[in-house]
Structure formats: C-alpha cells, structure tokens
Amino acid sequence: MDRHIRTVDDVLRLLDDLFAPAADRWSDRGGGWWDDFYADRSRPVPFFADKPDENLVSALDRGLVPARGRALDLGCGPGRNALYLASRGFAVDAVDLSAAAVSWARERAAGTGADVRFLCGDAFALESELPGPYDLVHDSGCFHHLPPHRRISYLALLERTLAPGGHFTLTCFAAGDGGMGSEAPDADFYVRSALDGGLAYSPESLRAIFSGLTEVELRRMREEPEDAPVFGKSFLWTAVFRREP
C-alpha cells in the first residue's frame, strides 16, 4: 500500500509519473532526450542558429524591458539569447536540462567575455543556484513543454526569482492557424500519458495563467527570413509581462 502524499510537491511528482518516461521533456529524466536532440549540430533546426529572438531584441530596443541588470534564461539551449543579453550588458544565469546544449553554449561563450553562468539541470530543483532577484526572466520555448500541473511550479519559480518591477518575456507555441503544439484540453494529456510535442496557448489562456503579472505586450512573433540577424517564427506567441513593485 502506498500512502505517501503529504505535500504539493508530492502531488506534482505523482502527476509527473503519470507520463511515460519517453514523454518527459521537463524534469531531469528528460535531459537525455534533449541531449539526443542537440547531438547533431548541423541539423537544419531554425533555433540552432546563433542569433537572438526578434521579440527580445525588439523589447530591449523599444524600452519595454530594462536595459541592463540581472537576467535568467530558462531553457537556454545553445545559449543564443543568453549571449545576446550579456552583449547588451546583463549579468546572465542560463539553465537547461541538456548537458549537450549547455556544453554547446559554453563553447559559443568561450573567448567572448560574456558574463553568463550556464547551469545544467531542472530549474525547478535549482533553488539555491538561482537565487534571484532577476530584473529579467526570459523563456524561449521552455514553458510550452511543461505538462499542465507544472505551471504551478513555473509560477512559483517566477514568484521566487523575478524582482519587484522586473519583467518576464515569453515565447511559446500559438494556438490556431495550424501552428505547432497541441490544442487538446489539459485533462487529455494525462489520459494519453504524452504531451504531443508541446502545448499550444491562446492569448486568453496566457493572460489567465499569468494574471498575477501586468501585461505589457502580447503578439505573434514576426516571421523572419533565414538570413535575418534575429530568429522569428509566426507560429509562436511572444509576450512581455511586468511584476508590479
């Protein structure tokens, strides 16, 4: 007989275990899947290119987010946004589940003088390593790989790390128009034991989930050509939220 549930964390781990191990893209056990994903650096994956998100560049250029300070890059991959933030004067902590991605990011950073501390691991389990407060938290493609119950962990992470008056920038799968990501109801994922490659979000759902923050901007990412100096795909939403002081 198993009667060990006592805390919210116990419930979250139980829900994690409802998913097939091969479906995990969000906890430490998903690191191997991402290592395989990043193993072949020559694959034509658009966000393998060493260039930042167009929305991040635009938000900085238009003054929607602070010009400098401390930044946290969640799901940093090969470090393209983390290195850009460092080039703009931020002191950056960047975290990813994949050791292969973090190794690639460190190689890119070598010799640049970039003020970036790359960490490999589960951001939800690195509380002592990500103490905050951060003036900017950026997420490009991490949030939409979380199962519904882990939004609780995500919001708690923002609550703990984002400074009063700080900003949160997000890029995630957009619902509608045949874009990427599943539009199935939350409950369906627990029946399937899979996330179907990630979850798509509507503007209304993003506003509801992040209702504790103030919306600054929410729009489609601009589609950018392959030779552009920034990354942009129109099947993604981009958002800027602010935590009130």
Exercise for the section: Restrict the check to the range 3-24 and report whether at least one residue is out of contact with any His (no Cβ under 7 Å at 6 or more places or on another chain), part of a strand (DSSP E or B) and surrounded by 13 or more Cβ atoms within 10 Å (Cβ to Cβ). Expected result: no
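Conditions tested, residue by residue: (1) within 18 Å of VAL92 (Cα to Cα); (2) among the polar types (S, T, N, Q); (3) touching a residue at least 24 places away in the same chain (Cβ under 8 Å).
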residue: PHE118; (1), (2), (3): yes, no, yes
residue: ALA123; (1), (2), (3): yes, no, yes
residue: ASP135; (1), (2), (3): yes, no, yes
residue: PRO147; (1), (2), (3): no, no, yes
residue: SER182; (1), (2), (3): no, yes, no
Problem - Residue that is farthest from SER140 (Cα to Cα), among those in the range 27-55 that are buried (at least 22 other Cβ atoms within 10 Å of the Cβ) and in contact with a strand residue (DSSP E or B) (Cβ under 6 Å, 6 or more places away or on another chain) - result: ASN55
Exercise for the section: Report whether or not ASP24 is under 20 Å from the mean Cα position of the chain (by Cα), free of Cβ contacts under 8 Å to residues at least 40 places away in the same chain and within 27 Å of ARG151 (Cα to Cα). Expected result: yes
Completion exercise
By residue number, the members of the range 73-94 that are aliphatic (A, V, I, L, M), part of a strand (DSSP E or B) and closer than 12 Å to SER140 by Cβ are LEU74, ALA94
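Just give me the residues in the range 98-117 being open to solvent by less than 40 Å² (accessible area, probe 1.4 Å) and either assigned to a strand (DSSP E or B) or within 18 Å of ASP40 (Cβ to Cβ) (or both), in sequence order. I'd like the intermediate steps shown before the answer.
Pass one, the range 98-117, residues open to solvent by less than 40 Å² (accessible area, probe 1.4 Å): 98, 100-102, 104-105, 109, 114, 116.
The answer is SER98, ALA100, ALA101, VAL102, TRP104, ALA105, VAL116.
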Completion exercise
Within the range 27-51, restricting to residues that are in contact (Cβ under 8 Å) with a residue 60 or more places away in the chain and not in a helix (DSSP H, G or I), the one that is farthest from the chain's Cα centre (by Cα) is ARG41
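The values are calculated or read from the model by the stated rules, or taken from the named source; none is laboratory data. All of these numbers come straight from a predicted model, not from anything done at the bench. Please note: Cβ atoms are built from the backbone with ideal geometry, for glycine as well, and neighbour counts cover all protein chains shown. Accessible surface is based on the protein model in full, side chains and every heavy atom, while ligands, DNA and RNA are left aside. Shrake-Rupley method; radii C 1.70, N 1.55, O 1.52, S 1.80 Å.
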